[in-house]
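Here the structure is laid out as structure tokens; the discussion comes afterwards.
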Amino acid sequence: MADYPTESDETLANLLHEQRRFAPEAGFTAKANATASDYAESDADRLAFWARQAERLDWSQKWSEVLDWSNPPFAKWFIGGKLNVAYNCLDRHVAAGRGGKVAYYFEGEGGDTRTITYAQLTNMVCQAANTLTGLGVTAGDRVAIYMPMIPETIVAMLACARIGAPHTVVFGGFSSDALRTRIHDCDARIVITSDGAYRRGKAIGLKPAVDEALLDCPDVRNVLVVRRTGQEIDWTPGRDIWWHESVELASTDHEAEAFDAEHPLYVMYTSGTTGKPKGILHTTGGYLTACAYTHWAVFDLKAASDIFWTAADIGWVTGHSYIVYGPLANGATSVLYEGTPDTPHQGRWWEIIDKYKVSILYCAPTAIRTFMKWGAQIPAKYNLESLRVIGTVGEPINPAAYVWYRENIGHNLTPVVDTWWQTETGAIMISPLPGVTAGKPGAAMKALPGIVADVVDDAGAPVANGSGGYLVLKAPWPSMLRTIWGDDDRYVETYWSRFPGLYFTGDGSKKDEDGDIWLLGRVDDVMNVAGHRLSTTEIESALVSHAKVAEAAVVGAVDETTGQAIVAFVILRSEAGDGGPEVVQELREHVAKEIGKIARPRQIMVVAELPKTRSGKIMRRLLKDVAQDRPIGDVTTLADSSVMDQIKAGMLGGA
Ligand code: WTA
């Protein structure tokens, strides 16, 4: 946490200049789902508030107690309650006569489209549930899903939920190594994948990565393969099964069994401060309650008329909560887009909004900064009048990007919801409420009703308005992670030991003069690159795993487009030579292969020494100064204070 003061003071100074305010529009407020009194009502009785939100779902057995916090930090919500997540997302809408309503408009990257109604999706999920059961999957078994952005990914997740088998979705951009580690960690026995995925017009193989991962996963019995690209793939008879030869032929009759409110729903891996990713465990009743409530309140969802689009990957928590579980629990119609924003042209997103009359858009600030770079003339060519709420997630949004988004995408009218949350929180925690909150560009504003957030100092005491500190959550919430899969101690240690009794988010933040919350980025060794969480240690480990590397240190440097960018400093082994451009390129590719393309360093600097404290801890703060080309900070704690001069003077290579 040594990095905290330098980084955030700088950010703070920039943010303090921001004075623009966007008051809610009266017409919007009159019809808004959320009201100003929601805060007072939830403050008066938080548990009663969450109990009311849980009524959004159909329970086959009602709970007897809202929260059991007798063994903190291990929470249980809606004790004794029973429900089925897939039933709540599908069957109950069909039973209520809304089977013909569109659940997803799927837009393939190449322009192929599919319209899937709630009735159709229910049948598909029942077929997949029957197939999984036929493969011996029973409640509690883990299933790994490694898929592109296609409807079958959603079907696979819901089929798992339906039979009580926790899924672990591994982002399709991750390498076979990352997939293997996750399969091992949660001991998955079945993998669902596709032959490949379309990316920028090309068919990219996914099945080959599964084959490679499984060389070292003897316990995986079967691989269920969706045909998406039709490309050539290797086939292991007996193990591999085509989706279209199994799921699509299976019975559409399937009775959903109700599970305990605390039954595990999924494990989502996320980077921690050590190299080993953390399996964040979410459970059934509380998670779905918070997804449904936040999706309704934060986006002002009117299920009958809105077209909702979360432009994120299903492989991240944003996709889980706001492409799949929240929207389906609320019976909404969503867009699912497979590809990149610039395929085949830079107006693709706006073309999609125009085509489907999307009314709510949810995306990452990094995307907005990219669109800013491409220019406002591109969205200006499309009709975006249908948009009425636009949101962001994943990293702090710079005031300039917020205002650009509002002006150019939100026709200078729509509320912008800057939503703060984490894989661990399961659902949005801090956000403006459209129609209620006057927006401040760059501020996530206030904890939602039912959530208690604060900014505290080193000793855990709340800071005064106008000051910065650490963001904490002060009371348990329904969609909180229940533990780290298989590692209760790490759960306690990571989140609950920095400030006893408080959940530590790992984020620095500030309360402004009004007490509103501004996020200032991570205070630990986790980077946020284009909204993706990556650990410095994980990338260092990947670099050091290369035969030419002796030592590596990775920092996140401020980047105009991606928020942070990965900059690596490496010491080469002597036999590797002096580190020309080919070596640097080789190392970049090595990281991409080990972890995934998103982890490929923007820049690798070959150095002779790394700055270390006497206890041997690498001082990343100083490397960050170099990476950002700013004056080097205090070097007095360095074991050898001349190292920084050597690094600055003797940079041997770069890319
Ligand atoms: C960051 C994504 C500022 C933060 C849902 C957090 C944000 C991490 C915001 C979680 C925001 C997320 N403003 N920072 N609105 N939203 N973050 O687990 O550092 O992928 O701790 O979850 O992203 O990333 P994760």
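Assorted remarks:
- Residue in segment 381-391 that is under 20 Å from VAL436 (Cβ atoms) and at pLDDT below 95 present: no
- In segment 239-258, the residue that is nearest to ALA129 (Cα to Cα) out of those that are of a type outside the set (Phe, Trp, Tyr) and in contact with a Lys or Arg (Cβ under 9 Å, 6 or more places away or on another chain) is HIS254.
- Residues located in segment 502-523, provided they are more than 12 Å from the ligand (Cβ to nearest atom) and touching a Gly at 6+ places or on another chain (Cβ under 8 Å): LEU502, LYS511, ASP512, GLU513
- Selection of segment 524-555 for residues being of a type in the set (A, V, I, L, M) and near the ligand (Cβ under 9 Å from one of its atoms) yields only VAL526.
- Yes/no for ASP516 being within 23 Å of TYR269 (Cβ to Cβ) and touching a residue at least 24 places away in the same chain (Cβ under 8 Å): no
- Taking each residue of segment 542-566 that is within 15 Å of GLU609 (Cα to Cα) and looking for partners that are surrounded by fewer than 21 Cβ atoms within 10 Å (Cβ to Cβ) and modelled with pLDDT of 90 or more with beta-carbon atoms closer than 7 Å, six or more apart or interchain, yields nothing.
- The lone criterion from (1) within 22 Å of the chain's Cα centre (by Cα); (2) farther than 15 Å from GLY315 by Cβ; (3) surrounded by fewer than 24 Cβ atoms within 10 Å (Cβ to Cβ); (4) small (Gly, Ala, Ser) left unmet by GLY173 is number (2).
- Among the candidates ALA297, ALA329, ALA304, the residue that is in contact (Cβ under 8 Å) with a residue 12 or more places away in the chain and within 23 Å of PRO415 (Cα to Cα) is uniquely ALA297.
- Residue in segment 57-74 that is touching a residue at least 60 places away in the same chain (Cβ under 8 Å), under 25 Å from the mean Cα position of the chain (by Cα) and over 26 Å from VAL417 (Cβ atoms) present: yes
- Only one of ARG182, ARG199, ARG227, ARG142 that is surrounded by fewer than 20 Cβ atoms within 10 Å (Cβ to Cβ) and under 21 Å from the mean Cα position of the chain (by Cα): ARG199
- Only listed residue being part of a helix (DSSP H, G or I), over 15 Å from ALA256 (Cβ atoms) and touching a residue at least 12 places away in the same chain (Cβ under 8 Å), chosen from THR181, THR133: THR181
- Selection of segment 221-248 for residues being assigned to a loop (DSSP other than H, G, I, E, B) and in contact (Cβ under 8 Å) with a residue 60 or more places away in the chain yields ARG221, ARG228, TRP243, SER246.
- Some residue of segment 384-391 being among the charged types (D, E, K, R), under 18 Å from TRP309 (Cβ atoms) and in contact with a helix residue (DSSP H, G or I) (Cβ under 7 Å, 6 or more places away or on another chain): no
- Listed by first and then second residue, the pairs with beta-carbon distance under 6 Å, at least 6 apart or on different chains, first residue in segment 445-466 and closer than 25 Å to ARG20 by Cα, second among the basic types (Lys, Arg) and surrounded by 19 or more Cβ atoms within 10 Å (Cβ to Cβ), are VAL455/LYS511; ASN465/LYS511.
- Considering only residues in segment 389-440 that are among the small types (Gly, Ala, Ser) and more than 14 Å from the ligand (Cβ to nearest atom), the one that is nearest to HIS295 (Cα to Cα) turns out to be GLY435.
- Residue satisfying all of: in segment 292-319; touching a His at 6+ places or on another chain (Cβ under 8 Å) and farther than 12 Å from ILE360 by Cα; modelled with the highest pLDDT among these: ILE314
- Residue that is farthest from the ligand (Cβ to nearest atom) [pool: residues in segment 371-388 that are in a helix (DSSP H, G or I) and not basic (Lys, Arg)]: ALA380
- Among residues of segment 612-635 that are farther than 18 Å from MET527 by Cα, those with a Cβ under 8 angstrom from a residue that is at pLDDT 80 or above and of a type in the set (Val, Ile, Thr), sequence gap 6+ or separate chain, pair up as LYS612/VAL643; ILE632/VAL626.
- Residue within segment 131-149 that is in contact with a strand residue (DSSP E or B) (Cβ under 7 Å, 6 or more places away or on another chain) and of a type in the set (Asp, Glu) present: no
- Residue among ASN84, ASN71 that alone is buried (at least 18 other Cβ atoms within 10 Å of the Cβ), at pLDDT 95 or above and among the polar types (S, T, N, Q): ASN84
- Of the residues in segment 107-115, not one is over 24 Å from the mean Cα position of the chain (by Cα), within 23 Å of PRO327 (Cα to Cα) and buried (at least 17 other Cβ atoms within 10 Å of the Cβ).
- Restricting the search to strands (runs of 3 or more DSSP E) fully inside segment 452-525 and requiring at least 1 residues that are over 24 Å from GLY556 (Cα atoms) gives 453-456, 468-473, 503-511.
- Scanning segment 98-109 turns up at least one residue that is of a type in the set (Asp, Glu), outside any strand (DSSP E or B) and under 22 Å from VAL335 (Cα atoms).
- Screening ASP458 on (1) surrounded by fewer than 20 Cβ atoms within 10 Å (Cβ to Cβ); (2) within 12 Å of the ligand (Cβ to nearest atom) shows it passes everything except condition (2).
For (1) surrounded by 24 or more Cβ atoms within 10 Å (Cβ to Cβ); (2) more than 29 Å from GLU594 (Cα to Cα); (3) away from the ligand (no atom under 14 Å from the Cβ); (4) not aromatic (Phe, Trp, Tyr), each residue gets a yes or a no:
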{"residue": "VAL267", "(1), (2), (3), (4)": "yes, no, no, yes"}
{"residue": "LYS278", "(1), (2), (3), (4)": "yes, no, no, yes"}
{"residue": "GLY286", "(1), (2), (3), (4)": "yes, yes, yes, yes"}
{"residue": "GLY315", "(1), (2), (3), (4)": "no, no, no, yes"}
{"residue": "GLY319", "(1), (2), (3), (4)": "no, no, no, yes"}
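The values are calculated or read from the model by the stated rules, or taken from the named source; none is laboratory data. These numbers come from a predicted model, not from an experiment. Here the Cβ is made from the backbone with ideal geometry for all residues, glycine too, and neighbour counts use every protein chain on show.
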